[in-house]
1. Using 7 Å Cα-to-Cβ label points, what is the residue 274/residue 350 separation (nm, one decimal)?
2. What ranking of 64, 294 emerges when the number of other C-beta atoms within 10 Å of each C-beta is taken as an exposure proxy, fewest first?
3. Output the 0 to 90 degree angle, nearest 10, between the alpha-carbon long axis of helix 322-339 and the longest principal axis computed from the alpha carbons of the chain.
4. Sort 98, 454 by Cβ crowding within 10 Å, fewest neighbours at the top.
5. Assign one of three labels to the range 7-103, namely rounded, prolate or oblate, based on the Cα gyration tensor with a ≥ b ≥ c the square roots of its eigenvalues; rounded applies when a/c is under 1.5, prolate when it is not and a/b is larger than b/c, and oblate otherwise.
6. What does the C-alpha gyration tensor say about the overall shape of the range 330-446? Classify as rounded when a/c is under 1.5, otherwise prolate if a/b is larger than b/c, or oblate.
7. State the extension gain, in nm to one decimal, for the chain segment bounded by residue 7 and residue 154, taking 0.36 nm per residue of separation less the distance between their alpha-carbons.
8. Tell me, what is the FRET efficiency for residue 219 and residue 37 to the nearest 0.05, using R0 = 41 angstrom and their Cβ-Cβ distance as r?
């Protein structure tokens, strides 16, 4: 929320007469006001418009009314809008007039969206919605039956329900996902997008009941796959305020794609341990490691197992999300406390755009013995992926190694992610990752999979200085 308490010069318009006032930001949709030049108006008085002068610009806002409030610091009332409702935070921060009702501008298009949906898909979605609400009512009913029990008894009873009827419900969801795949087989990219949008609108209340599904859909940081989502995947537990919500949360976080995310950690830890033991050229110098789009950096727990590990490694964490870097720093601090030692770590708050726009990136960031990126390439188009790979390869020392992870095109969770979670990725096959090396013939490379077969890795070793 906007916090600055500075005063705003403004005028209220009563018929054709302007009444000067001082105003102060009070909340997103209201202003504190005081009248100037001896003017006074009672609570309930309405005005045709409010004229605000801000940062050299003038803005006219519509009908408004005074609400009486105790006189605090000379402000005698609060001004609210009675027709169009304006986002004052947007006005103060961005000099932009935004109306709360703007969400309705596209209403005709959204309502017409249903006419483009195939009838077989409508039937599937309607039946699924009915079934899920029946399950929800049953699980909610069980919750209410033992709601009055002591907490430890409630937890034990809920665990018993989850392990019996809950697992049957999970099997039901698996069957419905298979049915979905059969219905949407052969859809074009545009049809997938259209039908996924329709699907989520129909099941919105069900989706919001599950913490993980709610976050992937709402995207509070503006993108899917943020560090909090990764933390939920790593935890792989039951979260929610009811048995039903816990089951809806748990189902996607134990799916093959989620397990592949967890597997990435152990893959990187294993490769780094092997490299640490075989890099003979290091004497007193530490092994310099760059984690690109690092997220919460949970793999640190698998990499740094002893104080000796910490003495030999230097980490640089790169992410465009400051919250993710904060979580990575927190992970480093916890590891330092657990091992009673210090870890050399550096944090870069930069984006792919910055990386591509910087001509001599090695002058800015230096070079590294080991570079890894576990999730970034899932979100990059082929041209951008190729350009980013080239930049990262420049940052690699001769003899250094780089590992890039990407979800494989055969991901069995693909349509679950797209339709339920609104989580769309750029999938790649072996040849697509190999193609990133087309301009670097001297590099030594191989492609391998994790145990699920969902996650594919490109492993590159830099032979010379190309």
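1. Distance between label points: 2.9 nm.
2. Exposure proxy ranking, most exposed first: 64, 294.
3. Between the helix axis and the principal axis of the chain, the angle is about 50 degrees.
4. Going from least to most buried by this count: 98, 454.
5. Rounded shape, in that the Cα axes give a/c under 1.5.
6. oblate
7. Taking residue 7 through residue 154 to full extension adds about 47.6 nm, to one decimal.
8. Calculated transfer efficiency: 0.25.
Only the coordinates and a few stated rules stand behind these numbers; no lab work does. This one's a predicted model, so the numbers in the text were calculated from it and none came from an experiment. Every residue, glycine as well, gets a Cβ built from its backbone with ideal geometry; the counts of neighbours run over all protein chains shown.
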